[in-house]
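The values are calculated or read from the model by the stated rules, or taken from the named source; none is laboratory data. This is a predicted model, so every value here is computed, not measured. Here Cβ is always computed from backbone atoms with ideal geometry, including for glycine, and neighbour counts include all displayed protein chains. The area values use the complete protein model at the heavy-atom level, side chains included, leaving out ligands, DNA and RNA. Shrake-Rupley method; radii C 1.70, N 1.55, O 1.52, S 1.80 Å.
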Amino acid sequence: MEKEELLYNMQWTELKMDEILLRASRSLNGSFHKTGSGDYMIFSSRGEVYEQLNTLHKAIEKIQSDLNRPVAAGIGFGDSVLKAEFNARKAVQRSKSSKHEKIILIDEHGVVEEYRHEQLIISYVSESTEPELVKKLGEYHISVQLFNKIKSYVERKNWNTFTSKDIALELGMSNRNSQRILQGLRKAGLIIEIGETKSHDKGRPMKLYCFKQENSQE
């Protein structure tokens, strides 16, 4: 009886998810496909996706509230269906690894957009055409994507200076990890240390950083 009850609950949950996502697909004028247990894909146009981001958010929220299920959502654009699907799967993986609930979008040029509560919170490029930059970052085990993401957050927040705690809070990582990354960027000559600021919790002073301007001298 317990097995039958479990099977019933699983089937009921799957049917409810099918219903919610099928409705979302209709709003997107898209094609709905089940690609595996708990995996779904909707094929639609770029214009429909941007116009109906609110619909996607509502579908995700309904699954989370009604069925108590976590949802990882990714959107991919491409110059072919195969490329779009590849980017969408990459976006889903990044959504899964994020500590915050986000819809991640990756387009055909490698531009990543992160949405939270229907609002674009950050946009950055996941690749670089500058070999020297890639080499510098590689020496300190920092990805181009992470570097561009940090830079985009700083620009979006209009920060003249920032601390490891600022970056840790925005990226959802530990302060220790943030310190390691910023030290690597400093050693690579991409940011500079310009002073210290007092800690609010009476701890040790925190180092202040800013991005190094082109043609500037330390």
| message | I'm spelling it out carefully: the read-out is semi-axes √(5λ) of the Cα gyration tensor in Å, the candidates are (i) 39, 21, 15; (ii) 36, 19, 15; (iii) 30, 22, 21, and one was derived from this structure. Which label? | response | (i)
| task | Provide the solvent-accessible area of residue 89, counting protein heavy atoms only and rolling a 1.4 Å probe, rounded to the nearest 10 Å². | result | 120 Å²
| If amide H atoms are built 1.01 Å from N in the plane of the peptide, which residues on other chains or at least 5 residues away come under 5 Å of the amide H of residue 208? | 194, 195, 196, 197
| note | Share of accessible surface on carbon and sulfur in the chain, whole %, 1.4 Å probe and ligands ignored, is 49 percent
| Once both axes come from the Cα atoms, what is the angle between helix 53-67 and the longest principal axis of the chain, in degrees from 0 to 90, rounded to 10? | 70 degrees
| query | Sorting 140, 124 by accessible area (1.4 Å probe), largest first, what list results? | reply | 140, 124
| Contact order normalised by residue count of the range 43-161, Cα under 8 Å, 6+ apart, percent | 15 percent
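If packing is taken as the average count of other Cβ atoms within 10 Å, what order do 141-147, 44-50, 161-167 fall into, highest mean first? Write down the numbers at each step before the final one.
On the way: 141-147: 17.1, 44-50: 13.3, 161-167: 20.1.
Going by the mean number of other Cβ atoms within 10 Å, highest first, we get 161-167, 141-147, 44-50.
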| said: Give me the 1.4 Å probe accessible area per residue for the chain, excluding ligands and nucleic acids, in Å². | reply: 65 Å²
| request: Measure nothing but the geometry: give the 0 to 90° angle between the long axis through the Cα atoms of 144-157 and the longest principal axis through the Cα atoms of the chain, rounded to 10°. | output: 80 degrees
| query | Among 19, 139, what's the order by accessible area (1.4 angstrom probe), most exposed first? | reply | 139, 19
| field | Acute angle (nearest 10 degrees) that the helix 175-187 long axis makes with the longest principal axis of the chain, alpha-carbon atoms | value | 50 degrees
| Contact order normalised by residue count of the chain, Cα under 8 Å, 6+ apart, percent | 9 percent
| message | Let me check something: with ligands and nucleic acids excluded, how do 182, 171 order by accessible area (1.4 Å probe), largest to smallest? | response | 171, 182
| query | Which of the lysines could a cross-linker bridge to residue 34, judged by Cα under 21 Å and excluding same-chain residues fewer than eight apart? | reply | 16, 58, 62, 83, 90, 96
